[in-house]
Amino acid sequence: MSEQHFLVVDDDEVFTRVLGRSLTRRGFQVTIAHSAEQARNLDSQTSIQWATLDLKMTGASGLSLIPWLREQYPEIRILVLTGYASIATAVDAIKLGADQYLPKPADTDQILAALNAVQPNLAQPVAHEPMSVNRLEWEHIQQVLQQHEGNISATARALNMHRRTLQRKLAKYPVKR
């Protein structure tokens, strides 16, 4: 692998340190940014071929970086990696130009496999059970939150929900299927 540069944008310092070390052992030159703002201030002379972006960080979302990265590095492969995965954010990430989207936790092998997958997986297993009511609620909240550009108060009003109740629901990790 000749000088492949990998950008990791995530506000979890432990995760970035572990992923950075693992990628370095595999021959990548790794740059770590702990916010979207920090990533935008990187040296523009560096050619970046790969990137993982956390969705939910302090400050701007990783989604806000996708168009900027596409403009700066047209050939880059972008993976949105998040502990707050939802259908709404996955659709937005792909529409903005991300190549892949994975829920956390994901290890280095899964990340590289996703980034190297050029064609969709036609053998993707389809769930035999519909989503649970709790998961459907979580997905709906995420969709309304996206529509209101992350504004908690506006989202709570749209959902006819008390703001604090919405904050408690958002503080939890997504409900499993």
> Ordering Val80, Val14, Val133 from largest to smallest accessible area (1.4 angstrom probe), what's the sequence?
Replying inline: Val133, Val14, Val80
> Points 7 angstrom from Cα along the Cβ direction at Ile87 and Asn151: gap in nanometres?
Replying inline: 2.6 nm
>> Given Cβ point charges of +1 (Lys, Arg) and -1 (Asp, Glu) and nothing else, what value in debye, to the nearest 20, does the dipole of the chain about its Cα centre take?
In response: 680 debye
> Say each of Asp12 and Glu129 gets a label point 7 Å from the Cα, pointing the same way as Cα to Cβ; how far apart are those two points in nm?
Replying inline: 2.5 nm
> Based on the Cβ-Cβ distance from Arg168 to Lys104, what FRET efficiency comes out when R0 is 25 Å, to the nearest 0.05?
Replying inline: 0.75
> For Arg25 and Ala117 in the same chain, what is the full-extension length gain: residue separation times 0.36 nm, less their Cα-Cα distance, in nm?
Replying inline: 31.0 nm
> Can you tell me the Rg and Dmax of the chain, counting just the alpha carbons, in angstroms?
Replying inline: 17.0, 54
>> If each residue of separation counts as 0.36 nm, what is the full-extension length gain between Lys95 and Asn160 once their alpha-carbon separation is subtracted?
In response: 20.5 nm
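The values are calculated or read from the model by the stated rules, or taken from the named source; none is laboratory data. Quantities reported herein were computed from a predicted structural model and do not represent experimental measurements. Cβ coordinates were reconstructed from backbone atoms using ideal geometry, including for glycine residues, and neighbour counts include every protein chain displayed. Quick note on the areas: whole protein, heavy atoms, side chains included, nothing else; ligands and nucleic acids left out. Shrake-Rupley method; radii C 1.70, N 1.55, O 1.52, S 1.80 Å.
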